[in-house]
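Participant: Quick one: structure below, then a few questions.
The values are calculated or read from the model by the stated rules, or taken from the named source; none is laboratory data. Keep in mind that what you see is a predicted model, and the values were worked out from it rather than measured. Here the Cβ is made from the backbone with ideal geometry for all residues, glycine too, and neighbour counts use every protein chain on show. Only protein heavy atoms, including side chains, enter the accessible area calculation; ligands, DNA and RNA are left aside. Shrake-Rupley method; radii C 1.70, N 1.55, O 1.52, S 1.80 Å.
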Amino acid sequence: VSCACVPLICDEYRLQSSVVNGRPVWKASSTLKNSFLFWMPRDGGCWVFAPDVQAEQAPSGEGNAKEAGMVPWARSLQLAWTTLPEELMPTSWLPGGWSGEAKQRITVCVLRA
């Protein structure tokens, strides 16, 4: 993963054996970074890069995870959860959290090795 605007997410990610919100989760392989890539059901659903996955689990039976206090480093604007991370459009990402303020799109390249 590479992104000039959000260097915290730049790393090689490994698929984890656990799931988050019923979907796969990837963790940065660097021991110096605690960064995860996973799908969130909030606002229709999107892929996010965030520092923790434990607080981001949607409550059981909850279709919208607004209660989860998640502030991602970057989130995808693509809603389809069936899309794999490497299939996401590089220019369809926003930095930061969920506020309604206008934000500049950033480029996040997710490549499969």
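Participant: Can you give the relative contact order of region 1-49 as a percent, counting alpha carbon pairs under 8 Å and 6+ residues apart?
Facilitator: After rounding, I find 26 percent.
Participant: To continue, here is another question. Label-point separation (nm) for ARG23 and ARG105, each offset 7 Å from Cα along Cα-to-Cβ?
Facilitator: 1.9 nm
Participant: Of the listed peptides 43-50, 105-112, 32-39, 6-13, what is their order by residue-averaged count of other C-beta atoms within 10 Å, with the highest listed first?
Facilitator: The packing order, highest mean first, is 43-50, 32-39, 6-13, 105-112.
Participant: Additional query: Given a 1.4 angstrom probe, I'd like the percentage of the accessible area of region 1-46 that is carbon and sulfur, rounded to a whole number.
Facilitator: Ligands and nucleic acids excluded, carbon and sulfur give 57 percent.
Participant: Continuing with this model, one more query. Once you place label points 7 Å from the Cα toward the Cβ at LYS33 and GLU86, how far apart are they in nm?
Facilitator: 1.7 nm
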